[in-house]
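Structure first, commentary second.
The values are calculated or read from the model by the stated rules, or taken from the named source; none is laboratory data. Quantities reported herein were computed from a predicted structural model and do not represent experimental measurements. All Cβ positions, glycine included, derive from the backbone under ideal geometry; neighbour counts span all protein chains shown. Note: accessible area is taken over every heavy atom of the protein model, side chains too, but ligands, DNA and RNA are not part of it. Shrake-Rupley method; radii C 1.70, N 1.55, O 1.52, S 1.80 Å.
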Amino acid sequence: MWVTQFYDTRIVYGDGSLEHLRELQLSDVIVVTTKSLLDSPLLKEVVSSLRNFKIVKGPSQHTPKVELENLSSLIENRVVLSLGGGSVIDAVKLSSPRFHVSIPTTLSGAEHTAVAGYSEGGLKKSARVTPPNVVILDPAVLQWTPRRLLVTTAFRALDHAVEASYSTRSSPFTDALASKGYEYLVKCLESWDLGLCQVGTWLASLSFMHAGRGLSHVFGYVFGPAFNIPHGVTSCISLVEAVKFNGGANKLGNVVETLEAILEKHGVKERLSNYSRLDDALKYSRVLKELTNSSENPRKMSDDDAVGFIRSVY
């Protein structure tokens, strides 16, 4: 187990990190978790370290605004523990807790960023927030998460690293984070070393936080809420084609072959056609173009480019 203080956030990571929860001696805690974990041995283990707690089911995927508002009324200015994936963690960050301990059960990386997303009117929106005070990354926690969900969220983390590498705001600092994050994530998906995946996700998330988002991430913001596609799956649909759109090679090398091999190996190669009719998807081409052109993507999109991109991932 290692501990790193990163600005105002303490990151506790490695085997046995969950034991740190006992050292915190938390009391009067709101535990926000996912429906799938409500009756899990993991939740029982987590709350055994707490005194005086209340368990609350967090928002569904993409954090709909109405569900977020309901949660915020319960946890604002309280001690909160988030146990779950990106939607749960983002919802807690957006709800202004007094003290926030996050135990992520996926590889989305939401626990490492000072932004959080929610959906409203069928689109994903984001806001600046305060990151958790304590993040616990114990690979043992991930044994309760379906393997497919871990793979798709790890691919989402790869999305962060790859797009940070060619962002218009990239820098030597973000290049170092993206490069090592990408290396760790590729290795962990080859050897299924979940501790390495957690650290790779951490580095990739920081590179995204400081370098900004590109086309693939924008695609997820638009098409995820519109067609109820999970975060990680949107990256499985869009990242390879986004890299090609932006020229293929980047500071990480020619990553297309590596990304395609990961998708094939883990059986998570997806198409937009699994979630939407083409004519419905094409209705979002203008939004995709506008949000991409206001992002840190290195190549601007025309109307024809946006239509062509949607067809390429369909």
- line: Being in contact (Cβ under 8 Å) with a residue 40 or more places away in the chain and under 14 Å from the mean Cα position of the chain (by Cα) narrows A211, A157, A178, A140 down to just A157
query: Just wondering, is there one or more residues in segment 72-79 that are modelled with pLDDT under 95, open to solvent by less than 20 Å² (accessible area, probe 1.4 Å), over 20 Å from the mean Cα position of the chain (by Cα) and not aromatic (F, W, Y)?
result: yes
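Here is a yes/no grid of residues against (1) in contact with a strand residue (DSSP E or B) (Cβ under 9 Å, 6 or more places away or on another chain); (2) among the acidic types (D, E):
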{"site": "S165", "(1), (2)": "yes, no"}
{"site": "E183", "(1), (2)": "no, yes"}
{"site": "W202", "(1), (2)": "yes, no"}
{"site": "Y221", "(1), (2)": "yes, no"}
{"site": "F227", "(1), (2)": "no, no"}
statement: Scanning segment 15-58 for residues that are of a type in the set (S, T, N, Q) and in contact with a strand residue (DSSP E or B) (Cβ under 7 Å, 6 or more places away or on another chain), the one most open to solvent (accessible area, probe 1.4 Å) turns out to be N52
field: Residue pairs meeting the criteria (Cβ under 9 Å; at least 6 apart or on separate chains; first closer than 13 Å to H217 by Cα and of a type in the set (K, R), in segment 114-125; second open to solvent by 40 Å² or more (accessible area, probe 1.4 Å) and outside any strand (DSSP E or B))
entry: K125/K65
query: How many of the residues in segment 40-71 are of a type in the set (D, E) and at pLDDT 90 or above?
result: 1
- request: Mind listing whichever residues of segment 194-205 are of a type in the set (A, V, I, L, M) and open to solvent by less than 10 Å² (accessible area, probe 1.4 Å)?
  value: A204
- prompt: Taking segment 181-193, which residues are surrounded by fewer than 17 Cβ atoms within 10 Å (Cβ to Cβ) and within 18 Å of the chain's Cα centre (by Cα)?
  reply: E183
- prompt: Among the helices (runs of 4 or more DSSP H) contained in segment 210-314, which hold 3 or more residues that are at negative phi and surrounded by fewer than 18 Cβ atoms within 10 Å (Cβ to Cβ)?
  reply: 256-266, 278-282, 285-293, 303-313
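Per-residue answers, yes or no, for (1) part of a strand (DSSP E or B); (2) surrounded by fewer than 22 Cβ atoms within 10 Å (Cβ to Cβ); (3) in contact with a Lys or Arg (Cβ under 8 Å, 6 or more places away or on another chain); (4) not aliphatic (A, V, I, L, M):
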{"residue": "K93", "(1), (2), (3), (4)": "no, no, no, yes"}
{"residue": "S96", "(1), (2), (3), (4)": "no, yes, no, yes"}
{"residue": "I103", "(1), (2), (3), (4)": "yes, no, no, no"}
{"residue": "A140", "(1), (2), (3), (4)": "no, yes, no, no"}
{"residue": "Q143", "(1), (2), (3), (4)": "no, yes, no, yes"}
{"residue": "R148", "(1), (2), (3), (4)": "no, yes, no, yes"}
statement: Pairing a residue in segment 256-273 that is without any contact (Cβ under 8 Å) to a residue 40 or more places away in the chain with any residue that is in a helix (DSSP H, G or I) and exposed (fewer than 13 other Cβ atoms within 10 Å of the Cβ), where Cβ atoms lie under 7 Å and the two sit 6 or more apart in sequence or on different chains, gives V256/K244
